[in-house]
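First up is the structure itself, then whatever we jot down about it.
The values are calculated or read from the model by the stated rules, or taken from the named source; none is laboratory data. Everything numeric here is computed off the predicted structure, so don't read it as measured data. We place every Cβ from the backbone using ideal geometry, glycine too, and count neighbours over all the protein chains shown.
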Amino acid sequence: MTARGAAGRCPSSTWLGPRLLLVCLLVSRSIAKEVSEHCSHMIGNGHLQILQQLIDSQMETSCQIAFEFVDQEQLDDPVCYLKKAFFLVQDIMEYTMRFKDNTPNANAAERLQELSLRLKSCFTKDYEEQNKSCVRTFHETPLQLLEKIKNVFNETKKLLEKDWNVFSKNCNNSFAKCSSQDTGHVEQHLPSDPQIPESVFHLLVPGIILVLLAVGGLLFYRWKRRSHREPQTLDSSVGRPEGSPLTQDEDRQVELPV
């Protein structure tokens, strides 16, 4: 009885393992399907329209702002470019792209920030993702900055729709190549920066002009003063010739004894 009971319990324990395994496989497959659908359709056309509205509502100006972004000349891999750009866009929307509270633009920016937080699950992090490799400081207008952000979301949307797992690619090698070029890249661009000589030129030229004007004015004043003195000297010498009665009277007065 005991042996038979023990034997009767054996099949249930034997079948428990395969059943659990089958359940786990089905659950994992459903989760993967949900994640794939989640990432593939997370960025909608409405989000791109929000970005376009932000662009259209900006005032056209030549004023520029400074922000850090991916240098596409160094990082030409489209997947790695977007992986690096995605996290930089998050920082830009949090610290740079600021609008007055409770305005349409502020509400639009808040929706985009919420979207970027949800998109984080679609990106695997790389070891060198948070460093400054492949990144440089841009000086552009707010319109140009918003165009860059819209391009990042648009290209990310296209790649996710083709392959929801595309951003699981390891980009450490691409980032490493990029960081090895950073030193030479900076040294190459510093001497050719047109802003440095241009600013010096704008400071020196007005100063030189002012000095020349001051010196020229001083020389003109001295020449004018000298030209006024010379006719007066000539007139006094001509008006009082030698041996005139006035001169003789003066001489006599001087020679009279006291």
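Structure data summary
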{"item": "Search result, residues across segment 139-158 that are closer than 17 Å to ASP77 by Cβ and either among the β-branched types (Val, Ile, Thr) or surrounded by 17 or more Cβ atoms within 10 Å (Cβ to Cβ) (or both)", "result": "VAL152, THR156"}
{"item": "Candidate set from segment 35-70 (those that are part of a loop (DSSP other than H, G, I, E, B) and exposed (fewer than 11 other Cβ atoms within 10 Å of the Cβ)); member that is nearest to the chain's Cα centre (by Cα)", "result": "CYS63"}
{"item": "Among residues of segment 151-167, those that are in contact (Cβ under 8 Å) with a residue 40 or more places away in the chain and either assigned to a helix (DSSP H, G or I) or out of contact with any helix residue (DSSP H, G or I) (no Cβ under 9 Å at 6 or more places or on another chain) (or both), counted", "result": "11"}
{"item": "Residue pairs meeting the criteria (Cβ under 8 Å; at least 6 apart or on separate chains; first in contact (Cβ under 8 Å) with a residue 24 or more places away in the chain and in the same structural domain as TYR81 (by TED's automatic domain parsing), in segment 134-150; second part of a loop (DSSP other than H, G, I, E, B) and surrounded by 19 or more Cβ atoms within 10 Å (Cβ to Cβ))", "result": "CYS134/ASP71; CYS134/GLN74; CYS134/LEU75; VAL135/ASP71; ARG136/ASP71; LEU145/MET97; LEU146/MET97; ILE149/MET97"}
{"item": "Filtered residues of segment 92-127 (kept if within 20 Å of GLU140 (Cα to Cα) and without any contact (Cβ under 8 Å) to a residue 24 or more places away in the chain)", "result": "GLU94, TYR95, ARG98, PHE99"}
{"item": "Hits in segment 123-138 (condition: modelled with pLDDT of 95 or more and either buried (at least 18 other Cβ atoms within 10 Å of the Cβ) or touching a helix residue (DSSP H, G or I) at 6+ places or on another chain (Cβ under 9 Å) (or both))", "result": "PHE138"}
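Conditions (1) under 29 Å from TRP164 (Cβ atoms); (2) at pLDDT 90 or above, marked per residue:
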residue: ARG19; (1), (2): no, no
residue: CYS39; (1), (2): yes, yes
residue: GLN49; (1), (2): yes, yes
residue: GLN53; (1), (2): yes, yes
residue: ASP56; (1), (2): no, yes
residue: ASP77; (1), (2): yes, yes
residue: CYS80; (1), (2): yes, yes
